[in-house]
Amino acid sequence: MPVIDVTKNLDDRSITITAEFAAPVERVWQIYADPRQLEKVWGPPEYPATFVDHDLAPGGRVTYYMTGPDGEKYAGYWLVDAVDKPSSFTFRDGFADEDFTPIESLPLSHNAYSFTDRDGRTVATYVSTYETVEGLQKVLDMGMAEGATQSLNQIDQFLAE
């Protein structure tokens, strides 16, 4: 399995997931840069994603929704802060309504995704930091860590296809 560590830290309001993929950094980067590829791995298998807008550039906005097994849709958005292709990007990730309007009552996370080479493989570090401990606890209670792990564990299979 690609995910090799999940660390939850209530003191700094963060969750860090480390994964290793059987592909070079540039190939893993392509997944995040291409919304059609990202759809194949974003979200747990039973909640496939559809990306509507995808501007992975500083100041850009990404919108998506995940569709549950009963057809219910859960929307989200990214506000892209910085991009250092192909090694990292940072963004704010939030929950949205069906029109992609942010839901202010749900937590916003600040995310830093980084990709480094290890002998032709990619070590990816995903850090999500929340504004409050309560916000972090809310998404943990919603199953975010498990969902993210399921999502990331799909990447090697996708790359092998």
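The values are calculated or read from the model by the stated rules, or taken from the named source; none is laboratory data. All of these numbers come straight from a predicted model, not from anything done at the bench. Every residue, glycine among them, receives a Cβ derived from its backbone with ideal geometry; neighbour counts consider all protein chains shown. Protein only, heavy atoms only, side chains kept; ligands, DNA and RNA dropped before computing areas. Shrake-Rupley method; radii C 1.70, N 1.55, O 1.52, S 1.80 Å.
Worth pointing out:
- Packing-based order for 32-38, 99-105, 82-88, using average beta carbon neighbours within 10 Å, highest first: 32-38, 82-88, 99-105
- Length-normalised contact order of the chain in % [C-alpha pairs under 8 Å, at least 6 apart]: 26 percent
- Counting only protein heavy atoms and a probe of 1.4 Å, the accessible surface of the chain is 50% carbon and sulfur.
- Here the simple spin-label model places points 7 Å from the Cα toward Cβ, and for Thr16 and Leu108 these points are separated by 2.4 nm.
- From phi via Karplus (6.51, -1.76, 1.60), per-residue ³J(HN,Hα) for the stretch 147-156 in Hz, x at Gly/Pro: x, 5, 5, 4, 4, 5, 6, 7, 5, 4
- The gain in end-to-end length when the Glu26 to Phe158 segment is fully stretched comes to 46.0 nm, 0.36 nm per residue minus the alpha carbon separation.
- Dipole check for the stretch 3-160: with +1 at the C-beta of Lys and Arg, -1 at the C-beta of Asp and Glu, and the Cα centre as origin, the magnitude is about 380 Debye.
- Counting lysine pairs in the stretch 3-160 whose alpha carbons fall under 24 angstrom apart, excluding pairs fewer than 8 residues apart on the same chain, gives 4.
- Length released on extending from Glu131 to Lys73, taking residue separation times 0.36 nm less the Cα-Cα span: 18.4 nm
- A helix-only calculation puts the chain at -6000 deg cm²/dmol for mean residue ellipticity at 222 nm, using -39500 (n - 2.57) for each DSSP H run of at least four residues, averaged over all residues.
- Overall, the ratio between the Cα radius of gyration of the stretch 1-61 and 2.2 N^0.38 Å, rounded to two decimals, is 1.33.
- Sequence-ordered 3J(HN,Hα) estimates for the stretch 63-74 from the Karplus curve with 6.51, -1.76 and 1.60 and θ = phi - 60° stand at 10, 7, 9, 10, 10, x, x, 9, x, 5, 10, 10 Hz, glycine and proline given as x.
- Between Lys138 and Arg36, the contour length at 0.36 nm per residue exceeds the Cα-Cα span by 33.8 nm.
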